[in-house]
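Working notes, structure below.
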Amino acid sequence: MSESITITDNRTGESIEVPIENGAVDAGAWKKFLPGTWFLDPAFGTTASTESAITFLDGGNGVLEYRGYPIDQLAEKSSHLEVAYLLLNGELPNESELSAWNDEITHHTYLHENYRRHVHDAFHYDAHPMGLLTSSVAGLSTFYPESKDIEDPENRMHQIVRLIAKMPTIAASAYRFSKGLPFVFPRNDLDYASNFLSMMFSIAEDDYVPDPALRRAMEILFILHADHEQNCSTTAARVVGSAHADPYVSVAAACAALYGPRHGGANEAVLRMLAEIGSYENVPAYMERVKSGEERLMGFGHRVYKNYDPRARIIKDAAHDVFKVTGQNPLLDIALKLEEVALADPYFIDRKLYPNVDFYSGLIYQSMGFPVEMFTVLFAIPRTVGWLAHWQEMLEMESRIARPRQVYTGVASRDYTPIGDR
Ligand code: SDX
């Protein structure tokens with residue numbers, strides 16, 4: 001039995017055999033055999049938009065690997081910048097490569113003074129940080145016009161370094177602006193996670209150093225959120241990048257997609273949901289509303305994982321280390337009860353709905369002192385690495401501009417009707 005499918009056009013009786021390679025069938029064969037007949041696949045539920053060597057997901061078994069390395073090993077043993085190097089270059093760095101990479105990022109964390117001093121002037125004090133971040137990242141492209149030369153690998157990497165380095169600075173500046181607090185400059189003596197926490201939370205402390213348990217939790221959360229193959233925001237980055245737009249506006253497009261509550265906005269929505277439920281006793285009534293379709297159980301379900309999201313398990317464990325320092329988040333009991341009820345209820349079991357990366361992360365963020373509005377920003381910072389790794393891979397693949405077809409269901413052709421006759 002050959003690894004292939006046979007397509008027969010019953011109108012002509014003609015057939016073609018198409019090999020199944022790497023779990024996929026090449027649509028090009030279909031295009032030749034049936035020109036003008038499209039596969040209709042809204043939301044790309046069964047369509048592979050590209051080949052990629054960056055991240056592997058096995059949704060049925062809850063497996064996630066970055067360049068072949070299991071996510072739990074990276075979360076336990078690596079750092080966010082080491083994982084960034086891995087995702088971008090395909091291999092873990094040796095000591096000198098990692099040291100040079102860390103230095104490179106550390107020395108690109110500053111923002112142009114025009115930008116730092118004035119970017120927030122156009123916004124209300126209570127502007128949502130994701131709106132600030134999305135527009136700020138797009139605005140960065142105006143400071144680096146050379147970034148349009150997307151064909152030059154060295155230039156690409158220079159912009160990638162700038163974006164990875166500056167995202168925490170932009171994120172922290174949005175938070176400080178919303179609190180009416182002075183901007184905190186990046187420091188070169190701190191690692192990536194510590195520097196971000198310093199820019200977020202230090203108050204008149206030139207020697208601020210975060211609690212080691214909180215620093216480690218931040219690092220683990222960055223690693224877990226760094227990439228996730230062709231999710232909605234990465235697809236947005238690849239689509240915009242395929243038009244040969246510069247990396248800043250491609251990442252801004254990805255930020256916009258991530259902002260949606262079905263995607264990266266879910267961690268913020270989970271905390272609002274837990275607060276709305278309010279108490280352990282209210283869980284059963286809420287779950288009935290979910291099953292009747294009135295509510296969604298935010299932080300549950302996934303297009304790919306039909307098993308426990310491996311990241312959710314790691315985050316749940318990391319939460320205990322954080323709570324030892326901050327005290328237990330009072331909403332944890334409600335979250336644990338929701339999970340217990342959902343994992344035993346046929347509605348969720350039948351639909352293979354399990355906790356995803358967003359279900360527990362917000363509890364940690366809240367306990368660490370981040371306001372709910374910052375949660376999706378905390379997703380965008382590390383995911384910038386994944387967006388850029390895919391943007392780079394797409395350009396290296398000699399890809400064509402993304403331009404799907406459609407099935408037209410509108411009215412047939414007709415003549416213009418003069419207004420008097422309408
Ligand atoms: C992220 O793609 C990625 O990899 C994303 C991400 C990443 O790292 O980039 O993993 C990050 O975005 C995680 C997902 C965060 N979003 C949420 O937690 C929001 C709540 N979840 C859902 O909205 C939903 O599960 C999605 C959007 C995540 C997935 O949607 P799908 O694949 O389109 O699934 P679906 O809407 O077709 O649902 C299938 C069924 C439906 O029921 P029926 O119509 O068959 O009766 O499951 C139900 C849905 O109603 N369902 C839910 C549910 N999620 C799906 N019912 C209640 N609560 C939910 N959360």
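The values are calculated or read from the model by the stated rules, or taken from the named source; none is laboratory data. If you're wondering where the values come from, they're calculated on a predicted model, not measured in any experiment. Reconstructed Cβ throughout: ideal geometry from the backbone, glycine too, with neighbour counts over all protein chains shown. Note: accessible area is taken over every heavy atom of the protein model, side chains too, but ligands, DNA and RNA are not part of it. Shrake-Rupley method; radii C 1.70, N 1.55, O 1.52, S 1.80 Å.
Observations
- Of the accessible area of the range 49-105, computed with a 1.4 Å probe over protein heavy atoms only, carbon and sulfur atoms account for 42 percent.
- Note on the chain: with a GNM built from Cα contacts shorter than 10 Å, the maximum mean-square fluctuation among THR326, THR142, THR46 falls on THR46.
- Length-normalised contact order for the chain - Cα pairs under 8 Å, 6+ apart - percent: 21
- Distance between the C-alpha centres of the range 93-157 and the range 192-217: 20 Å, rounded to the whole angstrom.
- Distance from the range 399-422 to the range 281-328 (C-alpha centre basis), Å: 44
- For the chain, the per residue solvent-accessible surface stands at 50 Å², with DNA, RNA and ligands left out and a 1.4 Å probe.
- Each of the GluC sites (Glu not before Pro) that DSSP puts in a loop and that has at most 13 other Cβ atoms within 10 Å breaks the chain; the longest unbroken stretch is 295-397.
- Converting phi to 3J(HN,Hα) with the Karplus coefficients 6.51, -1.76 and 1.60 and the offset θ = phi - 60°, the range 280-291 yields 3, 5, 7, 4, x, 5, 5, 5, 5, 5, 5, 5 Hz in sequence order, with x at every glycine or proline.
- Cross-link pairs LYS77/LYS352; LYS32/LYS148; LYS77/LYS166; LYS32/LYS306 - those with Cα-Cα distance over 27 Å: LYS77/LYS352; LYS32/LYS148; LYS32/LYS306
- FRET efficiency for ASP206 and ASN94, using Cβ-Cβ distance with R0 set to 45 Å, rounded to 0.05: 0.85
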